[in-house]
1. Looking only at segment B:621-661, filter to residues that are in a helix (DSSP H, G or I) and closer than 12 Å to B:F610 by Cα; which one of those is farthest from the other protein chains (Cβ to nearest Cβ)?
2. Quick check on segment B:589-600: of everything there that is surrounded by fewer than 24 Cβ atoms within 10 Å (Cβ to Cβ) and either at the interface with chain A (Cβ under 10 Å from one of its Cβ atoms) or within 15 Å of A:Q12 (Cα to Cα) (or both), which residue is nearest to the chain's Cα centre (by Cα)?
3. Looking at segment A:26-39, which of its residues are crowded, with 20+ Cβ neighbours inside 10 Å and either within 21 Å of B:T175 (Cα to Cα) or at the interface with chain B (Cβ under 7 Å from one of its Cβ atoms) (or both)?
4. Testing A:I15 on (1) in the same structural domain as A:V153 (by TED's automatic domain parsing); (2) buried (at least 19 other Cβ atoms within 10 Å of the Cβ), one condition comes back false. Which one is that?
5. Quick check on this structure: which one of B:G125, B:G118 is assigned to a loop (DSSP other than H, G, I, E, B) and on the phi > 0 side of the Ramachandran plot?
6. Which of the following residues is of a type in the set (S, T, Y) and modelled with pLDDT of 95 or more: B:Y490, B:Y433?
7. Please verify whether segment B:190-204 includes one or more residues that are over 19 Å from the mean Cα position of the chain (by Cα), closer than 24 Å to B:T573 by Cβ and assigned by TED's automatic domain parsing to the domain that holds B:C108.
8. Working only within segment B:126-143, note down all residues that are within 14 Å of another protein chain (Cβ to nearest Cβ) and either in contact (Cβ under 8 Å) with a residue 12 or more places away in the chain or under 14 Å from the mean Cα position of the chain (by Cα) (or both).
Amino acid sequence: MESPQRKFQRLQEIIDKHEGKTSHLIPILQEVQEEYRYLPEEVLTYVATAMKLPPAAVYGVATFYAQFSLIPKGKYVIKICDGTACHVRGSEPLNFAVKKDLQLLETQVTTEDLQFTVERVSCLGACGLAPVVTVNDDAVYGQMTPDGILEVVKKLKEEG
Amino acid sequence: MSTGKVTIDGQVVEINEAKNVLELARRVGVELPTFCYHSELSIYGACRLCMVEVEKMGLVASCSTVPMDGMVIRTNTERVRRLRRMIIELLLANHDRECPTCAKSTSCKLQKLAKQFGVTKVRFGNRDEQLPIDESASSIIKDPNKCILCGDCVRMCKEIQGIGVWDFAFRGSETQVTTAFDKKLADVSCVNCGQCVSVCPTGALTVKSEVDKAWEAIYDTDKTVVVQIAPAVRVALGEEFAANTGDVTGKMVAALKKVGADKVFDTLFTADMTTIEESMEFMDRLKNGGKLPLFTSCCPGWIKYSEQAHSDLLGNLSSCRSPQQMFGSMVKKHYASRIGKEPKDVVSISIMPCTAKKFEAKRPEFETEGSPDVDIVLTTVELAQMIKEAGVIFEELDPVGYDNPLGMGSGGALIFGASGGVAESVVRFVAGYIGGEDVGRVDFYPVRGMDGLKEAEIEVAGNTVKIAVVNGIGNAEKLIQRIKNGEADYHVVEVMSCPGGCIGGGGQPDVNDTAARVRRLKEIYDLDAVKQVHKAQDNIYVNKILEEWFGGAGSSGTHHDLHTTYTPRRRITGKPIDINTSEKGDSVQISVCVGTGCYLRGSYDIMNKFAELIKHLDMEEHVDLHGTFCLEKCDQGVSIKVGDEIITGVTAENAEHIFKTNVAMKVDLAVNN
């Protein structure tokens, strides 16, 4: 894992690269999130300070978009597609099964041990494979079933 | 801007530069309902209440539609009426309808419009989720359950005040207006001006009431209740009673006596003292090369803002306490003992047009023997509330005068209530001070009026003195940037947080719009015009008391009791950013400030230098390095904190030296032990 110092340097580099332009706030937040894997409050305050924006405005943008997270994400981010096709082909049972397995309460998306985050997302663009699940945006599982997804989660748990 | 003609409800009207259809409709005598439209703010078009039907365009929001030649507009159609009612009904459904117990009851715009449009029933259920109410701040209470998301407060704070405490967060049905990270209002950069409260159409933002505290003091027979009343209150209090919009000084004093105040004095008295002390301070700085421009210090919103944003200008602020605090200090330090009382047995109540004064009164430096100089701050609206509660029929009261000696004030003190008043009062004093008794009346028109920035020049003993007067923090910030960039220079700058000055303060009655402010402004100057005591030095009681109680103007006595100091203040609370974290618990803790002031001075580079040194000297396991937001030493260069010690004036050049002498030594000691 990258050192906090390196992350902090990257943070400033990202802001510098965009010349601190207000119109670049969203790409800046996207890149910062990539670095920190979420948007910590103190980092958002730093972004606001460096960009000469009120922190409330940065907070407003960061909470508006579903792509930004203000709470730490797990090591494995499981995205369950809930676009129309996936929804009718049964994405809800997938979601239910995973959340039950990981003991996540209704509004909770990340496990206490920071291993898993479960997100429901809009169309991933693979409707032919509905219902679709991705893990960390690289592994794609099509035509998923509740048993199938639990199998995937089990493997990830074993990997640690 | 367009020209031409439009037809509104069958009547042909000249467009004549009208900004939008809404203004044009007002010209033909049609008042369209709005929540989110304020002429001084940008157009938002969110509430949709001002919808009208335009031929070939259909339904449009009149606030955001520019009139064009030939438009045929209808403001009152079946469709429009149905929609307006529906919008109000939907807003009510999503609103905590606790109307009778709401602070804004009877002055709430949602309530008013619901009645106006005959909405007698809400067909939808109540909202099921209750969000927490924020009562952390000394002046303002936020109840998100009553917010209708019109965004008026957001735009007021951002556009007029340039601060941006409020913003929208989250989205869709979860949208809220809140502070950064949903923090408590007391933990962010709010200056307590209350302008957001002024524009809030509902009870979502209200003033924190101290009425109960005031009653408690009045009912306590062991306490002497001493009241002071600010200049801007007398020209607005009447608005709370039967459309009496003029000056109500006499009735106001009479009402306070009926309510139970033991002594009713006038803040004008200490406004005169402020004029004298501040003028002396200015002339001293001018003569002896002190820091200029001199910024006025009467406005607590401005003071908090400058402590947060311009620590480098704190030396330019007048050291004079505000008239409220001078009065409080005088009451607790001198008046109490003269009536044979302990400071704690005299309850000092101030009646202010202002919400920030509540914060100011709680500043720890304004105390005498552990008792606050001003115990209770009531706004104009809170005073009206007490008068109503006491059953006093305000309209029928016979006028009563202030108690003496602390009830006398000059015209110069009276106009403190308007933007430009402090500057003009200083001009009057200086003119009289230099010119002697022959000077007569000095009316200084260039600094009067509602304009956000007013500039003037006068000759003082052979010097040209340049004066600037700004109102609204946003205007103040623009002026400061011009001064810092060398584009403008002044000798005196008067700053008031609220547009128009104190007459438009956050504690004034609803409706507190531009029209109301202009009316109050005129009233203040009308009163000043007939006041025979014109300049501060004409106030004989002030001269006498300055001499007898304080040892004369500009003396060490006044300096101790009537002046103050300022300290940099952080804008936002929060966790530091971790840069290096050791595994051990007993490591040396270093924080480098990355708050705005230090950030602009290059604290990022210093941080990197420290991080390199930690690596280079192999201290990663012995040092915790953080980035922190503000160590409240912004006026002294980049600050760092090592353990409990704050070191200021760190630069890229001396960073290595400071690290080696202050950090590395500590690490060596710890390691060797």
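1. The selected residue is B:H657.
2. Once the filter is applied, the top-ranked residue is B:T596.
3. A:L29, A:L39
4. For A:I15, the exception is condition (1).
5. Matching residue, one of B:G125, B:G118: B:G118.
6. Answer to the selection: B:Y490.
7. The answer is no, given that none of the residues of segment B:190-204 is over 19 Å from the mean Cα position of the chain (by Cα), closer than 24 Å to B:T573 by Cβ and assigned by TED's automatic domain parsing to the domain that holds B:C108.
8. Across segment B:126-143, the qualifying residues are B:D134, B:K142.
The values are calculated or read from the model by the stated rules, or taken from the named source; none is laboratory data. Small disclaimer: the values here were computed from a predicted structure and weren't measured. Glycine gets a Cβ as well: all are built from the backbone with ideal geometry, and neighbour counts include every protein chain shown.
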